[in-house]
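Below: the structure, in structure tokens.
The values are calculated or read from the model by the stated rules, or taken from the named source; none is laboratory data. Because the structure is predicted, anything quoted here is derived from the model rather than measured. Every residue, glycine among them, receives a Cβ derived from its backbone with ideal geometry; neighbour counts consider all protein chains shown.
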Amino acid sequence: MRSTFQLILTATFGIIISITILSYYGGDNWKLDLLSHFKVQYIIALMSTTLLGAVYIRKKIILLAFPLILLLSWDIFPFFFPQNSSIDSSNSISISSINLLSSNGEFEKVSAYIDSKNADILVLQEFTELWRLMLEPQISNYPHLYEIPRTDNFGIAIYSKYPFHDVDVVYYDKVGAPSIECSLVLSNQKIHLVATHPVPPINQEQFDSRNNQLKQIAQKVSGFNGETIVIGDLNTSSFSKHFKQFRHYSNLRDSRDGFGLQASWPTWFRMMKTTLDHCLISEGLTVNNRETGPFIGSDHLPVYVELGLKKSL
């Protein structure tokens, strides 16, 4: 007769197996899509219960878990392999993206982080009139700016040390929030920048809105001439089917490749952290450095990326 421990372990193993499988079948169901964001947690839980199951239940349990562990590894491990591309350090630009959290009161922490990175381009989300007032000393260091402060969680702003052109405010979806599109020139090379923050997929309507926004951006940037950067809190992890489609149709790559997962949300629940804050780039750009910043009072960690233009062969 099985012990209570064996029964609990068997049930836990079955639940983890079921959730892992369901996480790959989110499709157009917002609840199932939410399961896709925690693949790292699934592989840790699956490997742990498989090891215990092999010891306390039967060794053949490994054969059942192995295909799923391999599938999860396929999603996770590529982020840890560096890209073999040379970087022309004389043609470099740094960019920082921060989801401030509109209700965040840690103004000094945010100010100190912005000062410490001194990025060439600063993108702020959940930007309010109060945040504009509290960050005025930092904002004054940027001669070029475009701001859309709002009272909700979808204000957005761009600050730049480089002149930017063709500035446009775009609403990709009727439910969605404003995005800012602009372009700048680095060493005679035009670079398109899209700063965006889709609504969180907390119901079917907002789930559809987020997905539509990603589709619209992908369609638009795929037709750009020059290099492209898409940056912001995309309210999806890289494990979602919809994020993978976005990468495919936009022809952009993840700046995290070779730098690890760099989970950025939620800061208040470390065990469930995943990556919602992204910087995607076109093939003509390389990544010199990418990192997440310290806790600054927001539910998101800030993102800092140093980019360069690929050397001409």
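Do we find that residue 76 is in contact (Cβ under 8 Å) with a residue 40 or more places away in the chain, of a type in the set (A, V, I, L, M), buried (at least 20 other Cβ atoms within 10 Å of the Cβ) and not assigned by TED's automatic domain parsing to the domain that holds residue 165 in this structure?
Values: in contact (Cβ under 8 Å) with a residue 40 or more places away in the chain: yes; of a type in the set (A, V, I, L, M): yes; buried (at least 20 other Cβ atoms within 10 Å of the Cβ): no; not assigned by TED's automatic domain parsing to the domain that holds residue 165: yes.
Criteria not met by residue 76.
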Here are some conditions: (1) in the same structural domain as residue 256 (by TED's automatic domain parsing); (2) in a loop (DSSP other than H, G, I, E, B). Residue 92 meets all but one. Which one does it not meet?
(2)
Criterion (touching a residue at least 60 places away in the same chain (Cβ under 8 Å) and farther than 19 Å from residue 310 by Cβ) met by exactly one of 203, 212, 235
203
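Within segment 139-149, track down each residue that is out of contact with any Leu (no Cβ under 8 Å at 6 or more places or on another chain) and either hydroxyl-bearing (Ser, Thr, Tyr) or outside any loop (DSSP other than H, G, I, E, B) (or both). Before you say what the answer is, go through the steps one by one.
Pass one, segment 139-149, residues out of contact with any Leu (no Cβ under 8 Å at 6 or more places or on another chain): 140-141, 143-149.
The answer is 140, 144, 145, 146, 147, 148.
Taking the stated definitions as given, is residue 255 crowded, with 20+ Cβ neighbours inside 10 Å, small (Gly, Ala, Ser) and touching a Pro at 6+ places or on another chain (Cβ under 9 Å)? First the steps, then the outcome.
Values: crowded, with 20+ Cβ neighbours inside 10 Å: yes; small (Gly, Ala, Ser): yes; touching a Pro at 6+ places or on another chain (Cβ under 9 Å): no.
The answer is no for residue 255.
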Among the residues of segment 150-177, which ones are more than 22 Å from residue 136 (Cβ to Cβ) and either aromatic (Phe, Trp, Tyr) or assigned to a loop (DSSP other than H, G, I, E, B) (or both)?
171, 172, 173, 174, 175, 176, 177
Could we say that residue 26 is at pLDDT below 95, surrounded by 12 or more Cβ atoms within 10 Å (Cβ to Cβ), touching an Asp or Glu at 6+ places or on another chain (Cβ under 8 Å) and not assigned by TED's automatic domain parsing to the domain that holds residue 296 here?
yes
Yes or no: segment 37-45 includes at least one residue that is among the hydrophobic types (A, V, I, L, M, F, W, C), more than 30 Å from residue 203 (Cα to Cα) and either touching a residue at least 40 places away in the same chain (Cβ under 8 Å) or not in a helix (DSSP H, G or I) (or both).
no
Residues of segment 92-112 being at pLDDT 95 or above, surrounded by fewer than 20 Cβ atoms within 10 Å (Cβ to Cβ) and under 30 Å from residue 189 (Cβ atoms), which ones?
94
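Taking residue 68 as the residue in question, decide whether it is surrounded by fewer than 16 Cβ atoms within 10 Å (Cβ to Cβ) and either among the acidic types (Asp, Glu) or part of a helix (DSSP H, G or I) (or both). Break it down into steps so the answer makes sense when it comes.
On the way: surrounded by fewer than 16 Cβ atoms within 10 Å (Cβ to Cβ): no; either among the acidic types (Asp, Glu) or part of a helix (DSSP H, G or I) (or both): yes.
In short, no.
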